1. In segment 18-40, what residues are basic (K, R) and more than 22 Å from T62 (Cα to Cα)?
2. For the structure I just gave you, tell me whether V18 is of a type in the set (A, V, I, L, M) and closer than 18 Å to P4 by Cβ.
3. Working only within segment 14-46, note down all residues that are small (G, A, S), under 11 Å from the mean Cα position of the chain (by Cα) and surrounded by fewer than 19 Cβ atoms within 10 Å (Cβ to Cβ).
4. Take the residues of segment 47-87 that are surrounded by 14 or more Cβ atoms within 10 Å (Cβ to Cβ) and of a type in the set (S, T, N, Q): which is nearest to V31 (Cα to Cα)?
5. Looking for whichever is among the basic types (K, R) and either in contact with a helix residue (DSSP H, G or I) (Cβ under 6 Å, 6 or more places away or on another chain) or modelled with pLDDT under 95 (or both) here; the options are K2, K16, K64, K70. Which one fits?
6. Considering only residues of segment 1-13 that are among the hydrophobic types (A, V, I, L, M, F, W, C) and crowded, with 16+ Cβ neighbours inside 10 Å, which is nearest to K83 (Cα to Cα)?
7. Which pairs have Cβ atoms under 8 Å, sit 6 or more apart or on different chains, and link a residue in segment 61-79 that is farther than 13 Å from A35 by Cβ to one that is in a loop (DSSP other than H, G, I, E, B) and basic (K, R)?
Amino acid sequence: MKDPYSVINYPKSTEKAVRLMESENKLVFAVAKDATKKEIKEALESIFEVKVVKVNTTIMPTGKKKAYVKLSNETPAIDIATKMGML
């Protein structure tokens, strides 16, 4: 497994990301372009000690990769965002 901190670059805190946190229990991260969904899931589970349900990725027109991470219902995404200092 890769170093989790080389897979996850930084969290995104846009209006859309905050709305997804509140409504769908999702977090949005900028990730390494060569990271797979499995690597992203393992990295987040080891860094934040949460259960990840699903990972969706997209490559932006700028060439950067973004991951939408759905967390389990036991872990509110807002709590993780507060730990990171986003809110």
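The values are calculated or read from the model by the stated rules, or taken from the named source; none is laboratory data. Bear in mind the structure is a predicted one, so any value in this text is a computation, not a measurement. FYI the Cβ positions are ideal-geometry reconstructions off the backbone, even for glycines, and counts take in every protein chain you see.
1. Filtering segment 18-40 down to residues basic (K, R) leaves 19, 26, 33, 37-38.
Of everything in segment 18-40, those that are basic (K, R) and more than 22 Å from T62 (Cα to Cα) turn out to be R19, K26, K38.
2. On the way: of a type in the set (A, V, I, L, M): yes; closer than 18 Å to P4 by Cβ: no.
So V18 does not fit the description; no.
3. Listed by number, the list holds a single entry, A30.
4. Only one residue fits best here, namely T57.
5. Working: K16 fails: either in contact with a helix residue (DSSP H, G or I) (Cβ under 6 Å, 6 or more places away or on another chain) or modelled with pLDDT under 95 (or both); K64 fails: either in contact with a helix residue (DSSP H, G or I) (Cβ under 6 Å, 6 or more places away or on another chain) or modelled with pLDDT under 95 (or both); K70 fails: either in contact with a helix residue (DSSP H, G or I) (Cβ under 6 Å, 6 or more places away or on another chain) or modelled with pLDDT under 95 (or both).
None of the others qualify; the one that does is K2.
6. First, pick out the residues of segment 1-13 that are among the hydrophobic types (A, V, I, L, M, F, W, C): 1, 7-8.
Add one more test, that the residue is crowded, with 16+ Cβ neighbours inside 10 Å, and what stays is 7-8.
Working: V7: 19, I8: 16 Å.
Looking at the filtered set, the residue picked out is I8.
7. Short answer, once both residue conditions are applied: G63/K33; L71/K51; S72/K51; E74/K51; T75/K51.
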